[in-house]
Amino acid sequence: MGKRMADGWGLRRVAAALCVVAVAPAWAGGCPALGWAEGLGSFQDANAAFPTKDTPLNAVDCNFHQWSWEAFVWATALDTNGVPRFMNLQTPGDLFTGSANKPRNGMLKLAARSSTPHGMTGFVEGAGAIVEADGNMLVGPNGYPVYASVHMSPGYFKVAQQNLIATGGYLSQPDNAYFNVGDAVFKATWLRLDPGQTPPEGAYTTQAQVPNLHVLRTKTTAAVAPNGTYETVTVALVGLHVVGYTINHPEMLWATFEHLANTPSTPDNTFSSSGSNPNNYTFYRSNTPFTQVNLQNSSPPTLNFDLTTQKFSPPTMAVQENATGGENHPDGAANIAGVNQGGQGFFAGETGTQSLFANYRLIGTVWMQPNSYSLTSDQTDAVGSVNLANTTAETFVQQASNANKQQWQNCFSCHNPTSYSFQSYPPPLKNRLIAISHVLGEGTPYAVPNVMPVKVQ
């Protein structure tokens, strides 16, 4: 599964090594650079290094989006068992038991996090949660939550493990301890399928363990959380963040991909609640008014939960409010369209399972000015897709206009040096550059609680 055609690959990859150089596009007004797509195959080699050289000081908008596709190709390269490379990387569940030199193995375990802190009986950690970072839940069309998983390169994992809040590393490590060029982290989102259900057309699917859920009640509230048992199900990949430390960019480049059938999307800065779309998508029913999309459901609780079926209702209607993440470069939208065409065309030429990744598209990439990341950096320092969001991971926090810099919503809104200093987290921790990583909070109250408030029945 996932085997590539052998004829011509040796010559192609020698040529590819010469083509994949991060310089300005080779033809006037053109993105991607001539020959760029032909070089993508080099990132599928088993020993290929994660791309880091695309961002010299003279890099332009196009270069950053080219990098995003290179990172996506690297992450989704199939091994001899047909497993994408990112799925063989360590997850947060390995932080307390694993080693940076020991790749994870076995079936992916999603949303396993319990409410028991690290160090106490019953503590368990998996690869993600049943809710998004803002505490709301994307409910799929069949009533199951969309699950997330986080996957870390060995270098990223090692540094994160040394700086965990739960084990005291965040406070004991030197303030300047930080990640290194080439470190990378990926966040995938997964749609759970019913037995026998057809996945979204062309989506990559795999088996995963998901938690059974139970209801926690008080006299006036109810919430749903994992009960410590699991079942094996089929899940489809609907989204993937790719994040990596490249030269001159310690803030990392942040990019996101979505399956083509996820939701309708509107051109940047044109979304209106008066709109609708006549077509059906995975997370959108045809002709649903846009007044009914991307609605938060945690406070006050608006979801019902059926303990027997393990399903929530109603399903979430979602729309991608910025087709290219609010790109603020004059040619940004066209650049993203160009690299999408090139990247999808590359995968369309692959065989078997590997060709499925032609059915995903780059929404956008966000970064900061070279070597500018500091203890005061936040989302207003963003460049590129300044309102970047994935409709399967940041459904409810999208910002429809990039006109007001102070209202930008992007990855740096949450991932910044102040991640653990908010007063809502007792006690607030000092600002550190490495606080840009949220896996440091695993096993502590600083992590997003893996519970979902529901209506009291």
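Toward the positive end of the charge dipole of the chain, with +1 on the Cβ of Lys and Arg and -1 on the Cβ of Asp and Glu, the farthest Cα among Gln407, Asn304, Phe43 is that of Asn304. Dipole of the chain computed with +1 at Lys/Arg Cβ and -1 at Asp/Glu Cβ about the Cα centre; of Val131, Asn180, Leu375, farthest Cα towards the positive end is Val131. Under 5 Å from the amide H of Leu216 lie the amide H atoms of Ala223, Val224, Ala225, each residue being 5 or more positions distant or on a separate chain, with H modelled from the backbone and absent for Pro and chain starts.
Annotation: amide H of Tyr204 within the under-5 Å range of Leu237, sequence separation 5 or more or interchain, hydrogens built in the peptide plane. Computed on the chain, with alpha-carbon pairs under 8 angstrom and 6+ residues apart, the relative contact order is 18 percent.
Here Leu57, Leu237 are placed in order of increasing Cβ neighbour count within 10 Å, fewest first, which gives Leu57, Leu237. Globularity index of the stretch 9-453 is 0.93 (Cα radius of gyration / 2.2 N^0.38 Å, N = number of residues).
Using the Karplus relation 6.51 cos²θ - 1.76 cosθ + 1.60 with θ = phi - 60°, the per-residue 3J(HN,Hα) values for the stretch 214-228 come to 10, 9, 9, 10, 10, 5, 10, 9, 8, 9, 10, 8, x, 9, x Hz, with x marking Gly and Pro.
Using only side-chain charges placed at the Cβ, +1 for Lys and Arg and -1 for Asp and Glu, the dipole size of the chain relative to its Cα centre rounds to 880 debye. For the stretch 378-385, the Karplus equation 6.51 cos²θ - 1.76 cosθ + 1.60, evaluated at θ = phi - 60°, returns couplings of 8, 5, 6, 8, 5, 10, x, 7 Hz by residue, with Gly and Pro reported as x. Amide hydrogen proximity for Gln90: with H placed 1.01 Å from N in the peptide plane, the residues at 5 or more positions away or on another chain lying under 5 Å are Arg104, Met152. Rounded, prolate or oblate, given the Cα gyration tensor of the stretch 379-457, with a/c below 1.5 counting as rounded? It comes out oblate by the Cα gyration axes. Comparing Gln90, Pro417, Val215 along the charge dipole axis of the stretch 9-453, the residue lying farthest to the positive side is Val215, per the Cβ-charge model.
Any read-out appearing in this document is the output of simple, stated calculations on the displayed coordinates, not a laboratory observation. Keep in mind the model is a prediction, meaning the values are calculated, not measured. When we count neighbours, we look across all protein chains shown, and the Cβ atoms used for this are built from the backbone with ideal geometry, even at glycine.
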